[in-house]
Amino acid sequence: MVLTRRQAAAAEQENGVKAEKHATIVEPEGKTSHAEGDTPTHHARGRSASFSSKEEDVQNDAKKTDGQPRNSKYSYFFMLLIIIISYVTLPDTLQPKGKPTILHVWYYGWISAISTGLGVVPLVFFPNLDAFWIGISNAVAAGMMIAASYSLFAEGCTFNAIEDESVLSSPIRTAIGTLLGLLFILSTKNFLERHEELKVGSLAGADARKVLLIFFVMTLHSFSEGVGIGVSFGGENGHELGVFISASLAVHNVPEGLAVAVVLLPRKVAKLTAALWCILTSIPQPLMAVPAYLFVDTFIPILPVGLGFAGGAMAWVALFELLQEAIEDTNMTTTAIVSSISLSFMVLLQGAIDGR
């Protein structure tokens, strides 16, 4: 049968309408539906595309989660251990009656140490910092550490105790301790720089070395504070003076913990882990308080040396590590202003504590 051109065109148009009935219809929301008569293959392809889309969403969520710092199981273990120690070693009465016991000396040193972990709290609300704010954090930490160094030098140079029978004056012993502190921190820095593969938890390279330097400095600082707690509990008024000194150090340790936290959190260390690092820097306080209390006459002559040692090491890290990084991430003017404000705040806080 021979068709005319008009008949052939009509037949071709009719076949096109039938084909459209079986075509896939794309809805506005981006979903696909199929007309009646679709084969199972079409449905299988639709389900496969849906599953692929869901898998991509899960992978994207996983990537976002991996970008957040996580606490390890060890962090939870050590936090539980701190809680247990705080409960088990709690004295029957917090205020000593008469001569303080060894348990009182230990516990006040312990409370002073764990208060350092509270320094993380202000940074809980600002966890994600870019390079500029990391520089600001370093400037804040540097100002605090310079102020703490000044307090250590002043306390060492003006140290005066009846039991002190040393032939060297307090300023000379403080100066000797300062030189020893500088030699220690320089040798430590040299050692760390020769070990590029060094890792501290999730940190490696320059970040790990920076954290370890600050950790060493703050820990050294705590040795002298622990001796101070133990010595203050000795004597006739030790049951009052020791409590006052310990409470003052507990308040003083909070901004010191902040100085450690502002270095750790911008480097993607989890908050609980950072708090544990802060507490760890102050663990020497209860450990040194007890022997200092038992052997006051032995520890008093070397106390100015310890103060100078911690002050010298802390000043070096603040001036030649933290301030340098702060200038690189911000600028000279911003670093000078922020560190000066931080330094002034710490000096005023220390003055208020001493005034009480």
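The values are calculated or read from the model by the stated rules, or taken from the named source; none is laboratory data. Note that this is a predicted model, so its numbers are computed, not measured. Here the Cβ is made from the backbone with ideal geometry for all residues, glycine too, and neighbour counts use every protein chain on show. Just so you know, the surface numbers come from the protein's heavy atoms only, side chains and all, with ligands and any DNA or RNA stripped out. Shrake-Rupley method; radii C 1.70, N 1.55, O 1.52, S 1.80 Å.
The rows are residues; the columns are (1) hydroxyl-bearing (S, T, Y); (2) in a strand (DSSP E or B); (3) over 26 Å from S224 (Cα atoms); (4) at pLDDT below 80.
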{"position": "I134", "(1), (2), (3), (4)": "no, no, yes, yes"}
{"position": "G143", "(1), (2), (3), (4)": "no, no, no, no"}
{"position": "G156", "(1), (2), (3), (4)": "no, no, no, no"}
{"position": "N160", "(1), (2), (3), (4)": "no, no, no, no"}
{"position": "E163", "(1), (2), (3), (4)": "no, no, no, yes"}
{"position": "S187", "(1), (2), (3), (4)": "yes, no, no, no"}
{"position": "A208", "(1), (2), (3), (4)": "no, no, no, yes"}
First in the range 112-133 and closer than 11 Å to V262 by Cα, second anywhere and at pLDDT below 75 and part of a helix (DSSP H, G or I), Cβ under 7 Å, 6 or more apart: G119/P255; L129/P266
Residue ID - farthest from P122 (Cα to Cα), chosen from residues in the range 283-293 that are out of contact with any Leu (no Cβ under 9 Å at 6 or more places or on another chain) and crowded, with 20+ Cβ neighbours inside 10 Å: Y293
So V296, is it surrounded by fewer than 20 Cβ atoms within 10 Å (Cβ to Cβ) and aliphatic (A, V, I, L, M): yes
Where a residue in the range 154-182 is under 22 Å from L294 (Cβ atoms) and its partner, wherever it lies, is modelled with pLDDT under 85 and in a loop (DSSP other than H, G, I, E, B), with Cβ under 9 Å and at least six apart: I162/G235; E163/G234; E163/G235
Residues of the range 229-242 classified as in contact with a helix residue (DSSP H, G or I) (Cβ under 8 Å, 6 or more places away or on another chain), open to solvent by 10 Å² or more (accessible area, probe 1.4 Å) and either within 18 Å of F125 (Cα to Cα) or not in a helix (DSSP H, G or I) (or both), total: 2
Sole residue being modelled with pLDDT of 75 or more and among the aliphatic types (A, V, I, L, M), chosen from L198, L192, L264: L264
Matching residues in the range 85-114 - criterion: being polar (S, T, N, Q), open to solvent by less than 50 Å² (accessible area, probe 1.4 Å) and closer than 17 Å to A247 by Cα: S86, S112
A261 of a type in the set (G, A, S) and in contact with a Leu (Cβ under 6 Å, 6 or more places away or on another chain): yes
Residue in the range 248-258 that is surrounded by the fewest Cβ atoms within 10 Å (Cβ to Cβ), counting only those that are modelled with pLDDT of 75 or more and small (G, A, S): A250
Candidate set: the range 259-272, residues that are in a helix (DSSP H, G or I) and surrounded by fewer than 23 Cβ atoms within 10 Å (Cβ to Cβ); chosen: the one nearest to the chain's Cα centre (by Cα): K271
Among the residues listed as D61, D57, D66, the single one being over 30 Å from G238 (Cβ atoms), under 25 Å from the mean Cα position of the chain (by Cα), charged (D, E, K, R) and at pLDDT below 90: D66
The one condition in (1) in a helix (DSSP H, G or I); (2) open to solvent by 50 Å² or more (accessible area, probe 1.4 Å); (3) of a type in the set (A, V, I, L, M); (4) at pLDDT below 85 that L183 fails to fulfil: (4)
Filter result for the condition that a residue is open to solvent by less than 40 Å² (accessible area, probe 1.4 Å) and more than 26 Å from the chain's Cα centre (by Cα), over G119, G177: G177
Selection status of I245, farther than 29 Å from Y76 by Cβ, part of a helix (DSSP H, G or I) and either of a type in the set (D, E) or at pLDDT below 80 (or both): yes
Where F78 falls short, out of the listed (1) of a type outside the set (D, E, K, R); (2) closer than 30 Å to A275 by Cβ; (3) at pLDDT 50 or above; (4) exposed (fewer than 10 other Cβ atoms within 10 Å of the Cβ): (4)
